[in-house]
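One structure is given here, and the rest of the page talks about it.
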Amino acid sequence: MSKKHDVARRLDHEQIRDRVAVYDFTMGLIEIKGKDAKAFLEEMCVNSIARLVPGQITYTSLLNEQAQMIDDVTVYCFAQEKFWMISAFKDDTLLWFNEHRGNRAVSFEDMSDEIALWSIQGPESRRLIASCMLSDMTDMKYYTFMENEIASVPVILSRTGFTGELGFEIFADATRMERIVDRLLQRGKKFGVKLIESDVTLESVPTEKGLVTIRDFRGNNPLELGMGWSVKWDKEFIGKKALEAVKKKGPARKLTGFVAVDDEIDIELESPVKIEGKVVGKVTTANYGYTVEKSIGYALVDANVAENGAKAVVETDGKKVEVTFCGRVFYDAERKRVNAIQNVGSLSFESTRDFLENRNFASARPIQGVFAAMPTPMLGDESLDVENIAVQVNRCIENGLDGILIGGNSGEFPSLSLEERKLLFKTSVEAASGRCKIVACTGANTTQWTKELCSYAGEIGADYVLVMTPYDPATTDEGIVAFYEEIADLCQVGVMIYHYPDATNVTMGAEEIAQLARHKNIVGIKNVADLSSTVGIVNATRHQSFSVLSGLDEVFLGTLAVGGDGFMGVGAAVAPALCRELYDSYQAGNMEKAQECHRKLCRIMEVVFALPFPGALKASVEVQGYCCGHPRRPSAAIDQEGRRQLHNILVQTGVMEG
């Protein structure tokens, strides 16, 4: 079967051209550092490295003294003394660099095994990336990059690709890339995303756009390849003298495009190209172009015959195929699809490895998804049930939740001593063991006690702290802002505002919340208020790195619809799998399913909140087979009739079997 009729390849090719594809594109990655790094690269590369500013990327080639290409690479500028180089042949490149380093203050590190590179390409790539990234990236200019975050994993996001389409590439710690890919595929359902593994990413797609690979360039010079645009003649580089001689005389060969008359024959690489029986060159690339619907490729031929429209014959596998020479770009020659608007992204971390591995992460980042407001299991003597605290944490994780709120109102924090709250924090963090985010509720009646709990939560590894608005004793609006800023200045981890007007009789305005959102360590809010309140907060903070999560079950879906980031509430502790399904259905664009899940959740919570709370939360967990104990007195326990009601509604909604 010829490539023309390869349905699998065609579908993958069309996926990139028409929608969006995600695929592994990991290559060699070399970090070049030191005070002489820029000067060294300036000598090694034919393109200008000196002009780069942090956040910019350039394409260039490396030549030997004979002006033959050793490699073509992309260079990322992080700082004046730090660069990344992406190379398909990093071992050869490293050997070449070490041979030419001399006494210069420059070092090279192979980071290829530590950092993975995945590509997201296609016309829907921007919308997909924007739906996943923490910080806005919609105005990134082609060949720029920035620090960002996806699924709580730090990444380097670059506006690059090898497809000629609108696209992006993500660098991340290789051990955490699976989580990123899962998020891309989950969020990408509504954009028609597909994970692809075929070779179209190196064959038919780049060939239509005239992009070259090693089979085209190795042993040749940039002028033969039509890449003189990448050579900066006003600087010195290895191979310049030989390349100047080629320029003066004119290249003897030229890499030209061709279209085959018979598109049913797959042309083999290295096949001789003949004109009037004389060999004038060879085929370096040959593919079927599924967008242009032609058999296309490149041939390196004698320059004097490389004219558009010239006819030639390729002899391949015992067959003769007539071809017509043409320009090497077969599709979108105006580059309309790949070009984009504006800006170089932000770069703040001196050590990219530390950034990607979440080390020295100075300012905490916002959160998204579904968080359970977990009950606090207790023994018969009303002491903390450490064993079942861990069981509850594992239950939430096993049901796919993004995180857990521990020691909130639902966790009976007003009845717990400071030492009990610390034990609850420590037990939960250890049980989670990094598998989900832990949010520790550290609200207390005094600033001193709140600081003590926040410091402890940070020390033992909680991811965020949730701090309730001061209410007992009451304070002024200015006092509330000053309180949160003082706490945020102290905290090692991100601070979330716990806004619960019905419980505290304190209502914060959207302007106050937006003011606090500008603090680098105040990362979000749990808003236990109606949807109109949530809309106001979302609108007031939409240009900031600040997450808005609802704490009311009945506005869970509405919060997502108005641009909120998720849910942190009781429903996720009662029915975690249902809440997970609700959130995922909405993100995938399946509104019908999301609405069905939300209706079920509202039915459940109507029964839960009709009974004494937090006893009803504990009982709803217990009827599902988990030990939670009674609430601490004087809170009321749930009698058998109440437990029957909870059991029935959970069965009716499919949360548990009858």
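Points to keep in mind about this one:
- For residue 547, the amide hydrogen comes within under 5 Å of the amide hydrogens of 367, 524, 525, counting only partners 5 or more places away or on other chains and with H modelled in the peptide plane.
- GluC sites (Glu not before Pro) within the range 26-126, DSSP loop, no more than 12 other Cβ atoms inside 10 Å: 65
- Extension gain, residue 627 back to residue 11 (0.36 nm per residue minus Cα-Cα distance, nm): 216.6 nm
- Whole-Hz Karplus values for the range 162-179 come out as 10, 10, x, 9, 4, x, 9, 10, 10, 9, 7, 3, 4, 6, 10, 5, 4, 5 Hz, taken residue by residue from phi with 6.51 cos²θ - 1.76 cosθ + 1.60 and θ = phi - 60°; glycine and proline positions read x.
- Pair residue 478, residue 174: separation of 7 Å Cα→Cβ label points (nm): 5.7 nm
- Under Karplus coefficients 6.51, -1.76 and 1.60, residue-wise ³J(HN,Hα) of the range 405-416 in Hz, glycine/proline x: 8, 10, x, x, 4, 5, x, 6, 4, x, 9, 9
- The accessible-area ordering, largest first, of the residues 271, 455 stands as 455, 271, per a 1.4 angstrom probe.
- Spatial separation of Cα centroids for the range 94-126 and the range 421-489, in angstrom: 41 Å
- Take the Cβ atoms of residue 489 and residue 639, set R0 to 45 Å, and the FRET efficiency comes out at 0.40.
- Its Kirkwood hydrodynamic radius, worked out from the mean inverse distance over all distinct Cα pairs, puts the chain at 28.0 Å.
- Extreme residue, positive dipole direction of the range 614-658, given options 651, 624, 636 (C-beta unit charges): 636
- Counting every C-alpha pair in the range 1-156, the share spaced more than 28 angstrom apart comes to 32%.
- Rounded to the nearest Hz, the phi-derived 3J(HN,Hα) couplings of the range 87-96 under the Karplus curve 6.51 cos²θ - 1.76 cosθ + 1.60 (θ = phi - 60°) are 9, 6, 10, 5, 5, 5, 5, 4, 4, 4, where x marks glycine and proline.
- Taking only the alpha carbons of the range 258-307, we obtain Rg and Dmax values of 11.1, 33 Å in that order.
- Compactness of the range 246-335 was expressed as the Cα radius of gyration divided by 2.2 N^0.38 Å, which yields 1.05.
- From the C-alpha gyration tensor of the range 180-263, square roots of 5λ in Å: 37, 19, 10
- In Å², nearest 10: area of residue 247 left accessible to a 1.4 Å probe: 110 Å²
- Amide H to amide H distances under 5 Å link residue 253 with 303, where only residues 5 or more positions off or on other chains count and H is placed in the peptide plane.
- Straight-line cross-link reach from residue 90 at under 17 Å between alpha-carbon atoms covers these aspartates and glutamates, not counting any fewer than eight positions away in the same chain: 31, 71, 72, 99, 109, 110, 113, 114.
- Our analysis of the range 604-658 gives Rg over Rh at 0.95, with the two radii drawn from alpha carbon positions and Rh computed by the Kirkwood formula.
- Once the chain from residue 105 to residue 609 is taken as fully extended at 0.36 nm per residue, the excess over their C-alpha distance is 174.7 nm.
- FRET efficiency for the pair residue 387 and residue 248, taken as 1/(1 + (r/R0)^6) with r the Cβ-Cβ distance and R0 = 56 Å, rounds to 0.10.
- Nearest-20 debye value, the range 1-99 charge dipole, Cβ charges on Lys, Arg, Asp, Glu: 480 debye
- The label-point distance for residue 141 and residue 657, in a model that sets each label 7 Å from Cα toward Cβ, rounds to 6.2 nm.
- Where N is the number of residues in the range 515-647, Cα Rg divided by 2.2 N^0.38 Å: 1.17
- The range 89-168 - Debye-derived log10 I(q)/I(0), Cα point model, q = 0.14, 0.20 Å⁻¹: -0.62, -0.92
- Reduced Cα scattering model of the range 395-545, Debye log10 I(q)/I(0), q = 0.13, 0.21 Å⁻¹: -0.56, -1.43
- Here the extension length gained between residue 293 and residue 447 equals 48.5 nm, from 0.36 nm per residue of separation less the Cα-Cα distance.
- Percent antiparallel among DSSP beta bridges (both partners in the chain, rounded to 5): 70 percent
- Put simply, the C-alpha atoms of the range 435-512 give a gyration tensor, and the ellipsoid matching it has half-axes of 21, 13, 11 Å, longest first.
- The range 93-180: relative contact order in percent, alpha carbon pairs under 8 Å with at least 6 residues between: 32 percent
- Gyration tensor (Cα) of the range 389-484, equivalent ellipsoid semi-axes in angstrom: 25, 13, 12
- 25 Å Cα-Cα reach of residue 4 towards lysines, excluding residues that sit fewer than 8 places from it in its own chain: 194, 209, 274, 282, 294, 311, 319, 320
The values are calculated or read from the model by the stated rules, or taken from the named source; none is laboratory data. All figures in this text were calculated on a predicted structure; none of them were measured in a lab. A quick note on method: Cβ atoms are made from the backbone with ideal geometry, for glycine too, and the neighbour counts reach across all protein chains shown. In case anyone asks, the SASA skips ligands and DNA or RNA and just uses the protein heavy atoms, side chains included. Shrake-Rupley method; radii C 1.70, N 1.55, O 1.52, S 1.80 Å.
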